[in-house]
Amino acid sequence: MEGVDLSNRALGPLSAGRVTSGHVLTRREANSDDALVDANYATQDGLQVNKTIDVGGTTFTIVGIISAPQGGNPPDVYIPLAKAQGIGKNGSASLADDVDTIYVTAASAADIKRNPATNRRRARH
């Protein structure tokens with residue numbers, strides 16, 4: 001599962017995908033229980049647009065099927081970021097400590113400085 005920021009779809013996992021059925025998540029769906037599913041996952045599990053899927057104890061309606069470029073390892077399900085952040089807070093399931101990727105934008109590389117402990121760049125706050 002991946003939470004996506006619908007205010008900037010040009011950044012992150014949806015930027016390179018192609019919707020093959022249904023529609024891409026829109027800004028007005030930012031707080032909805034709508035989801036996109038990866039085309040391979042949909043085929044494997046017999047999923048299609050207007051069916052539902054359970055993610056962390058929340059039922060989402062599939063509004064689109066998305067095909068990611070070859071060579072990647074796409075998530076099975078894409079849901080709005082606000083919903084992803086709230087999963088497990090009110091239900092019995094918990095996705096705590098499952099965040100492994102965060103996408104950020106910077107106006108310039110000069111806005112990003114190196115973390116001396118890891119020798120990796122980090123965005124300034």
Practice problem: Scan region 40-64 residue by residue and report those that are crowded, with 16+ Cβ neighbours inside 10 Å and under 14 Å from M1 (Cα atoms). | Solution: Y41, A42, I53, V55, G56, T58, F60, I62
Quiz item: Could you say whether any residue in region 104-116 is surrounded by 11 or more Cβ atoms within 10 Å (Cβ to Cβ), at pLDDT 60 or above, part of a helix (DSSP H, G or I) and not polar (S, T, N, Q)?
Solution: yes
Practice problem: Would you check if there is a residue in region 10-23 being out of contact with any Phe, Trp or Tyr (no Cβ under 9 Å at 6 or more places or on another chain), without any contact (Cβ under 8 Å) to a residue 60 or more places away in the chain, at negative phi and crowded, with 18+ Cβ neighbours inside 10 Å? | Solution: no
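The values are calculated or read from the model by the stated rules, or taken from the named source; none is laboratory data. Quick caveat, the model's predicted, so the values are computed rather than measured. Neighbour counts run over all protein chains shown; Cβ positions are idealised from the backbone, glycine included.
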